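Below you'll find the structure, written out as structure tokens, and then a few comments.
The values are calculated or read from the model by the stated rules, or taken from the named source; none is laboratory data. All of these numbers come straight from a predicted model, not from anything done at the bench. So basically every Cβ, Gly included, is an ideal-geometry build from the backbone, and we count neighbours across all protein chains shown. Accessible surface areas use protein heavy atoms only, side chains included; no ligands, DNA or RNA. Shrake-Rupley method; radii C 1.70, N 1.55, O 1.52, S 1.80 Å.
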Amino acid sequence: MSEQPDFSIRIDQNKFLPQGGHEVHAIVTVESAGAPVAATGTGTSAAEVIIIDTSGSMDYPRNKMTSAIKAAQAAVDTLRDGVNFAIVSGSSRATMVYPRAEELIPADAHTRAEAKAALSRLTATGGTAMGAWLTLAGRLFARHPDGIRHAILLTDGKNQHESPEQLDAAVAQAVGRFVCDCRGVGTDWEVAELRKVASALLGSLDMVASPEALEADFRAMTEAAMGKAVADVALRVWTPQYAKLRFVKQVLPSVEDLTGRRADVDERSGDYPLGAWGSESRDYHICVEVPAGEVGREMRAAWVKLMLGDQVVASGNVLAEWTDDEAQSTRINPKVAHYTGQAELAENIQVGLQARKDGDLDTATARLGRAVALAHQSGNEAIASLLGKVVDVDDPATGRVRLRKDVDKADEMSLDTRSTKTVRTRRGEG
Amino acid sequence: MAICPAGHSSTATDYCDVCGARIDGAASAPSASVPSGSAPVTSHLGTPAPGTPASGVRAAGEACPDCGAPRTGRFCEDCGYDYAVGGGRPTPRPPEAAPPPSAPAPPPPPAAGDPDEEDPVTRDWAPPKAPPPEPPATDWAAVVIADREYYDRVVTEDEDFTFPPYSPSRRIPLSGEQVLIGRRSASRGITPEIDLSEPPADPGVSHTHAVLLAKPDGSWTLVDPGSTNGTTVNEGDTPIPVNVEVPLRDGDRVHVGVWTTITLRRLR
Ligand SMILES: [Zn+2]
Ligand SMILES: [Zn+2]
């Protein structure tokens, strides 16, 4: 563990509550500094499984398959020596592409070349059963329980050849066994379905509209995985007697509700798994309900600790103090306000797009309009520009918009996929 | 060990282990961070307070966890709840939802995805020219392919059928009352609409192998009138029963012979 990065926790909040107030909000920033393992070439072991959809549709157009192969080859090139890896091909079932045996193999010049050759022979046939792919990946990782365990899953279609229950069961089995970044290529896949997989497996979700862009994306994902220094970090949150932890959400780099992921540690503490960690910073929004206290009283509303196994590597306090000074208690912490807005932004986009699909145009206009206003206020330019492809904006400040009639499916899916991506507070705000 | 204003004994000396109240004499904590390496499970930011049992000057205004009455002292005036020891009568714990299992789950059963297992056959693509999504089910096509996965599943090593190296997929529009799947025979006067004697001729298909029947509602059903090798649907193991109509839906796959998969596609 000598290679482990230096972690720190920072809490942003306004601890002052009015008399009778009992809801405490705080933004927890977890940051790490220190050389990633990739740079030193030592330390934590790593395992990587690349899952490529080889269903029949990957041939339509053909460049999906050829681009996926190139992308996977680029990812293989990015694996550092000694990383245990495998390539899996996914259709109605999962098949080993490389190595042939159901195991991971250490990367070196020879195995990388063999893997790339095996990839070049892949053909597209059959259906889509992602649960089977994840199950095979889980078995491969099972022999490498320590260290970084990362998978990339690429698909172009809906999970047609399994029931939703089968997929859910496979995902549930995979939780905690590996982190999985998911990518959809083309416009025939289901955003909500893939989001469920990525989210449960603590991975990112993105849409790669043009097959040609896959290669750079795969390289970036693999590099990021190679840059992770520790696996299986958890946020431990202690709350006092009679308090209720209302939610724990990741809010940067994307909105992810972790509330349901809690594993109780003892009566008052629970762990929220955060996956692997490299040299990076993530923000979490936590909300605790405490029994209202007397003016002048101060309490610890939550004690937040970053856990690496049994070791506490950083901690921070979320406080509550009751005051009769309204100027103090009505102040909203700018970071809390910002991320509340970002979460609301994501929700409005998802609800708005669904309403649009369902033909409820009034709701769609209202929700997407609200999203435009939130994106504008928070300076989330990426989302604002994606929204501009789905609605015509009359006034970004108030969110007055008109739904566009001629919306490209790819633009709509890309907005849906990226709706949860957040930005930091603007300079000077937080 | 410190005692909090409510009377709990606490290992942490800044805020109570139990109720979170700041312990008398402790300095207000910064929302601080602990550098890596040091691993304080408890913090020592303040000095331990002398053992002040709770008679609640600071804690007044709190509501009784048992009955909700405002707190006036160590004991609740309404129900006798003891704030110091958290009791007096059974104290309800805040309901805790059953947590999802955290740590690595046990290995999954060797189920789906096992390469030794049989090999389902499917084809998941819509025709390159995506049809408009809308209206009723009147126009259908059958997409016929030589299907490697199906072949791998049903053909054993001692059988001498070579999978065709080149086999373009064919797309046959469905029309009329019935569509025959089989092999052409001039002598018997059989000319199936889906003719699997066309190269690459599937050696496992009977002359009259199966029939697709148009239903009044625009859908199609499948009937096997008694083919030699049987007909399976959607990677099934068991052939469909002879002379029984099996309803088909968009995307359903019909497997016949040693490598043929026919996928039904609704065009509009
Ligand atoms: Zn206490
Ligand atoms: Zn009471």
For chain A, give me the percentage of DSSP beta bridges that are antiparallel, rounded to the nearest 5 percent.
70
Treating the angle as unsigned and between 0 and 90°, give the value, to the nearest 10°, between the Cα long axis of helix A:191-200 and the longest Cα principal axis of chain A.
80
Past the 28 Å Cα-Cα mark, which pairs from A:K70/A:K405; A:K357/A:K421; A:K116/A:K389?
A:K70/A:K405; A:K116/A:K389
Between rounded, prolate and oblate, where does chain A land on the alpha carbon gyration tensor, with a ≥ b ≥ c its root eigenvalues, rounded for a/c under 1.5, else prolate if a/b exceeds b/c?
oblate
Computing the accessible area with a 1.4 Å probe over protein heavy atoms, can you report the carbon and sulfur percentage for chain A?
49
Full-extension gain between A:A410 and A:E294, please, as 0.36 nm times their residue separation minus the C-alpha to C-alpha distance.
36.3 nm
Restricting to Cα pairs under 8 Å and 6 or more apart, the percent relative contact order of chain A works out to 19
Once you have the Cα-Cα distance between B:L213 and B:A27, take 0.36 nm times their residue separation minus that, and quote the gain in nm to one decimal.
58.6 nm
Got the relative contact order for the stretch A:254-343 handy, in percent, Cα pairs under 8 Å and 6 or more residues apart?
20
Tell me which of A:A371, A:V304, A:G293 sits at the most positive position along the dipole axis of the stretch A:280-396, charges placed on C-beta atoms (Lys, Arg +1; Asp, Glu -1).
A:V304
Label-point separation, A:R143 to A:S163 (7 Å along Cα→Cβ), nm:
3.3
Give the percent of DSSP beta bridges with both residues in the stretch B:140-266 that are antiparallel, rounded to the nearest 5.
90
Mind running the shape call on the stretch A:134-232? Use the C-alpha gyration tensor, a ≥ b ≥ c as the square roots of the eigenvalues: rounded below 1.5 for a/c, prolate if a/b tops b/c, oblate otherwise.
oblate
Taking θ = phi - 60°, what integer Hz values does the Karplus form 6.51 cos²θ - 1.76 cosθ + 1.60 yield along the stretch A:55-66, in sequence order, with x for Gly and Pro?
5, x, 5, 5, 8, 10, x, 4, 5, 5, 5, 5
Nearest 20 debye, what's the magnitude of the dipole of the stretch B:140-266 about its Cα centre given +1 on Lys and Arg Cβ and -1 on Asp and Glu Cβ?
540
Please list, in chain and number order, the residues 5+ apart from A:G157 or on another chain whose amide H is under 5 Å from its amide H, with Hs placed from the backbone.
none
With every protein chain left in place, what is the accessible area per residue of chain A in square angstrom, probe 1.4 Å?
37
Note to self, chain A gives a 222 nm [θ] from helices alone (DSSP H runs n ≥ 4, -39500 (n - 2.57) apiece, / all residues, nearest 500) of -10500 deg cm²/dmol
Here FRET efficiency (C-beta to C-beta, A:K389 to A:A109, R₀ 30 Å, nearest 0.05) is 0.10
When the dipole is taken about the Cα centre of chain A, and only Lys, Arg (+1) and Asp, Glu (-1) are charged at their Cβ, what size is it in debye, to the nearest 20?
440
Amide H partners (placed H, <5 Å) of B:H209, local residues excluded:
B:I181, B:G182, B:R183
Residues along the stretch B:1-32 losing 30 Å² or more of accessible surface when the other protein chains are present rather than the chain by itself (probe 1.4 Å):
B:Y15, B:D17, B:V18, B:C19, B:G20, B:R22, B:S31, B:A32
For the stretch A:316-390 versus the stretch B:200-253, the gap between their alpha-carbon centres in whole angstrom
53
Starting from the Cα gyration tensor of the stretch A:46-226, take the square roots of the eigenvalues, sort them a ≥ b ≥ c, and report rounded, prolate or oblate (rounded when a/c is under 1.5, otherwise prolate if a/b is larger than b/c, else oblate).
rounded
In nanometres, the difference between 0.36 nm per residue of separation and the alpha-carbon distance of B:T162 and B:D139 is 4.8 nm
In whole Hz, the Karplus estimates of ³J(HN,Hα) for the stretch B:176-186 (6.51, -1.76, 1.60; θ = phi - 60°; x where Gly or Pro) are x, 7, 8, 10, 8, 10, x, 10, 5, 9, 5
Would you mind computing, in nm to one decimal, how far apart the modelled labels at A:A192 and A:A397 are, each placed 7 Å from Cα along Cα→Cβ?
3.7
